[in-house]
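The values are calculated or read from the model by the stated rules, or taken from the named source; none is laboratory data. Bear in mind the structure is a predicted one, so any value in this text is a computation, not a measurement. Every residue, glycine among them, receives a Cβ derived from its backbone with ideal geometry; neighbour counts consider all protein chains shown. Just so you know, the surface numbers come from the protein's heavy atoms only, side chains and all, with ligands and any DNA or RNA stripped out. Shrake-Rupley method; radii C 1.70, N 1.55, O 1.52, S 1.80 Å.
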Amino acid sequence: MAVSTCVVLGACACGPEKSEEDTSTAAKPSHPSAPARSEEPSASPRAEKPSAEAPAEPTGDQSAPRTKEGAVQRYEQYLHAVGREDITTVCEVAGPAAKQAEDQGFGPCTSTFVVTFQMISPAQKKALRTATVDPQRVEVLTPAKVEIPTDAIKASVTFSESDLGSSTLEYLKNNWYITD
């Protein structure tokens, strides 16, 4: 049910994150030479992370397999990001749903989802950080579209349909995204 997702988790109330997609490492296949470290930033070893090897986290944003397992992994990434209040990852994964919501008058994800984070209890956030999805309960609608019902989410607290709602993920641009 998209309504409960919109209301509680804000997946529908997010805005498009064009800047996030533009900076995603998925679109930059120039990292195969990353293991050969540059000697330039030797004075500052911390400078290596923000430079060429930019995000350690967006490894989940790289291309995902067009399989049910790939969709499950991507949705788990999203759930964990919600639990951590990682707005960048949340808005990236929920980008298409966010665009729909913004077209309907909601603000951008980076501002609307912050409100949603406040609606989730600390116990729920903690549970979401390690939540998993039971692949047996994921419905494959087409090879590029799956439905993940609320009861597929396994966590230390029980989430109801009104807490999370079901989510539809579609395979777009070599990855899975929440579209409804």
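Would you tally the residues in segment 77-133 being at positive phi and in contact with a strand residue (DSSP E or B) (Cβ under 9 Å, 6 or more places away or on another chain)? Even if it seems obvious, please write down each step before you answer.
We begin by selecting, within segment 77-133, every residue at positive phi; these are 85, 105.
So of that shortlist, the ones also in contact with a strand residue (DSSP E or B) (Cβ under 9 Å, 6 or more places away or on another chain) come out as none.
Qualifying residue count, segment 77-133: 0.
Scan segment 68-90 residue by residue and report those that are open to solvent by less than 10 Å² (accessible area, probe 1.4 Å), of a type outside the set (V, I, T) and within 24 Å of V157 (Cβ to Cβ).
Residues satisfying the conditions are A71, R74, Y75, Y78, L79, A81, G83.
Of all residues being β-branched (V, I, T) and over 17 Å from the mean Cα position of the chain (by Cα) in segment 139-176, which is farthest from A123 (Cα to Cα)? Just the residue, please. Please lay out each step first, then the result.
Going through segment 139-176, the residues β-branched (V, I, T) turn out to be 140, 142, 146, 148, 150, 153, 157-158, 168.
If we keep only those that are over 17 Å from the mean Cα position of the chain (by Cα) too, we end up with 140, 142, 157-158.
Numbers: V140: 30, T142: 35, V157: 8, T158: 11 Å.
Selected residue: T142.
With the condition kept exactly as written, say whether any residue in segment 92-106 is under 19 Å from A64 (Cα atoms), of a type outside the set (V, I, T) and open to solvent by 30 Å² or more (accessible area, probe 1.4 Å).
The initial filter retains those residues of segment 92-106 that are under 19 Å from A64 (Cα atoms), namely 92-97.
When the remaining residues are screened for being of a type outside the set (V, I, T), the result is 92, 94-97.
Remaining after also requiring open to solvent by 30 Å² or more (accessible area, probe 1.4 Å): 96.
Yes - at least one qualifying residue is present in segment 92-106.
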